[in-house]
Protein chains: 4
Amino acid sequence: MRMLETATPAPPLEVSEWLNTKGPLALPDLAGKVVVLHAFQMLCPACVQLATPQMQKLQAMVEGSEVAVVGLHTVFEHHAAMTPVALKAFVHENRLSFPIGIDRHDDGDAIPLTMRAYGFEGTPSVVLIDRQGRMRFQGFGHQPDLALGVLIGSLVAETA
Amino acid sequence: MRMLETATPAPPLEVSEWLNTKGPLALPDLAGKVVVLHAFQMLCPACVQLATPQMQKLQAMVEGSEVAVVGLHTVFEHHAAMTPVALKAFVHENRLSFPIGIDRHDDGDAIPLTMRAYGFEGTPSVVLIDRQGRMRFQGFGHQPDLALGVLIGSLVAETA
Amino acid sequence: MRMLETATPAPPLEVSEWLNTKGPLALPDLAGKVVVLHAFQMLCPACVQLATPQMQKLQAMVEGSEVAVVGLHTVFEHHAAMTPVALKAFVHENRLSFPIGIDRHDDGDAIPLTMRAYGFEGTPSVVLIDRQGRMRFQGFGHQPDLALGVLIGSLVAETA
Amino acid sequence: MRMLETATPAPPLEVSEWLNTKGPLALPDLAGKVVVLHAFQMLCPACVQLATPQMQKLQAMVEGSEVAVVGLHTVFEHHAAMTPVALKAFVHENRLSFPIGIDRHDDGDAIPLTMRAYGFEGTPSVVLIDRQGRMRFQGFGHQPDLALGVLIGSLVAETA
């Protein structure tokens, strides 16, 4: 796991509905913080078994600090199963407390807008965004705790 | 974990639709086998994390033997989320290969019929049915592998 | 995991010292019980990480029942490290409560006597002995809880 | 888990014998690197099950980088069991590849010298030493991967 060599601005989040927030959330609102963006699907086994619990654990650890965990429900398959009402039940049952946006679909395209903008290969994917809003790491699949922690820690140590 | 002191006939399965079977399945079809009945909900965390993977592991171990694993999707909450189409996506994504019945709902009752007949307290629940079709164990919550294995083994050793 | 096709009498335990017992233990003392014999070395990683904790878990589950867990410290390498005093510290630190015999060495042979009599390939090894003192299963390496449980349960169900 | 508020120089390592090194190692040799010092005992269950495997995993991840994992065998109990020859067998069997020093004993004191200098409460303990040789974190007990990773990452990001 290495940081990206070129740090480009993180694309905006195109979200049709937010859960666990008081209102819509945008990346510029989080400027000055390190953002851990967790792209997942509620029926993706590697998300449910590994990556989403990892993010909830991270959330419990960093809440109120300079790190913000943000979930993104990027449904690109089984659209009839992973509806907003189903996601809300999933979030409730798993007691997820970090903000979660539902990635917006354009009519007729299976892959939602933010997923396309970031070029995610699938779920789970994770993006680390630095205090200046730049993408510094993007990974597909579950990232081990130790390696993910080292990356997050090194971004936290940077001054804004 | 102890066997039930009184062995009563296992109530019939009231199922509205079967997955992973060629047609409807009934307990009498399994006479002579030890049946492990796994009552679950696809959005119940202890099912998804523990009990359902345990059943798939058991299925891989006993397939073609005298032990039959049967799933029962007993939806008693979040009905709009845990629909048949969502269950099919869940089964596909988690590569579950054992037969799964959808517990039938009477109009107007949140708790489905088989769940009521067995008196399940929630999900996951597991029932062990002996070769003669009698309930010999019923447990609520995840059962450890070692203890569940001992119970199954002792029922397998009984002659029909 | 299948039972052995031929059930032969379990060889006697050749033990130089017993831990966690009031005195020497012999297999005939356990006639009528199902014996789970756990051959291990205190510095064997698969023993320490998997098989020995499994046996302590089994011991907690079956204590006072018709199943007896018996450990056998079969040192065949690193003899200067895995001494009786080291084993006692290991047993104390890991709070092992089942009886443990130290497999006896003949002068000049690295492999101890009971290990040779059973023909263990290494550690961990497990042997299941039925109520009549016959070997019914022998396995090298860690055995999964579910499969081991099924074997134990089926032996428990046999009448002595 | 928080960094120490006051960064004091890390006490020197008082070591009677080094394993996995070409010769004696001293903290000044590692100046410019972040040092993760792992104090353990080979028969301490939380070390063997959690902390030592974590350090080997960290070693595999950071080898050749700006992070150095250093083990310290701080024997303060069961001295007759945890001898150098036993430690060497333990290191061999568990394929530990990071440098490990044996904490030196003064005649007549159960607690070895480096352990006393650092004031470890027991094992496992971990100390993080920054690029300038200053102690920045000290913790007793197993530290979760995610939290430990964040601390290491933030020290890596500091310039020497």
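The values are calculated or read from the model by the stated rules, or taken from the named source; none is laboratory data. Bear in mind that the values here come from a model prediction, so they are computed numbers and not experimental data. As a convention, Cβ positions derive from the backbone with ideal geometry for all residues, glycine included, and neighbour counts pool all protein chains shown.
The listed residues are A:D130, A:D103, and the only one of them that is closer than 21 Å to D:A157 by Cα, surrounded by 17 or more Cβ atoms within 10 Å (Cβ to Cβ) and not hydrophobic (A, V, I, L, M, F, W, C) turns out to be A:D130.
Each residue in region A:140-158 was checked for being in contact (Cβ under 8 Å) with a residue 60 or more places away in the chain and touching a Pro at 6+ places or on another chain (Cβ under 9 Å), and 4 of them qualify. On the stretch given as region B:58-81, residues that are in contact (Cβ under 8 Å) with a residue 24 or more places away in the chain, surrounded by fewer than 24 Cβ atoms within 10 Å (Cβ to Cβ) and within 14 Å of chain A (Cβ to nearest Cβ) total 4.
Take the conditions under 14 Å from the mean Cα position of the chain (by Cα), more than 30 Å from B:S154 (Cα to Cα) and among the polar types (S, T, N, Q) and apply them to C:T74. Does it pass? Judged against the criteria, C:T74 is a match.
All conditions but one from (1) touching a helix residue (DSSP H, G or I) at 6+ places or on another chain (Cβ under 7 Å); (2) at pLDDT below 95; (3) not polar (S, T, N, Q) apply to C:P124; the one that does not is (2).
Taken over region D:1-52, the criterion of being of a type in the set (F, W, Y) and in contact with a helix residue (DSSP H, G or I) (Cβ under 9 Å, 6 or more places away or on another chain) is satisfied by D:F40 alone.
So, A:A26, is that one surrounded by fewer than 18 Cβ atoms within 10 Å (Cβ to Cβ), modelled with pLDDT of 95 or more and of a type in the set (A, V, I, L, M) or not? Considered against the rule, which asks whether it is surrounded by fewer than 18 Cβ atoms within 10 Å (Cβ to Cβ), modelled with pLDDT of 95 or more and of a type in the set (A, V, I, L, M), A:A26 comes out as yes. Residues of region D:133-160 that are among the acidic types (D, E) and crowded, with 16+ Cβ neighbours inside 10 Å: D:D145 alone.
If the condition is being outside any loop (DSSP other than H, G, I, E, B) and either more than 11 Å from the chain's Cα centre (by Cα) or of a type in the set (S, T, N, Q) (or both), then region A:33-53 contributes A:V34, A:P45, A:A46, A:C47, A:V48, A:Q49, A:L50, A:T52, A:P53. If you go through region C:88-109 and keep only what is over 16 Å from C:L25 (Cβ atoms) and either away from chain D (no Cβ under 14 Å) or touching a residue at least 60 places away in the same chain (Cβ under 8 Å) (or both), you end up with C:K88, C:H105, C:D106, C:D107, C:G108, C:D109. Within 14 Å of another protein chain (Cβ to nearest Cβ) and modelled with pLDDT of 95 or more: is that true of D:A10 in this structure? Taking the combined requirement at face value, the residue does not satisfy it.
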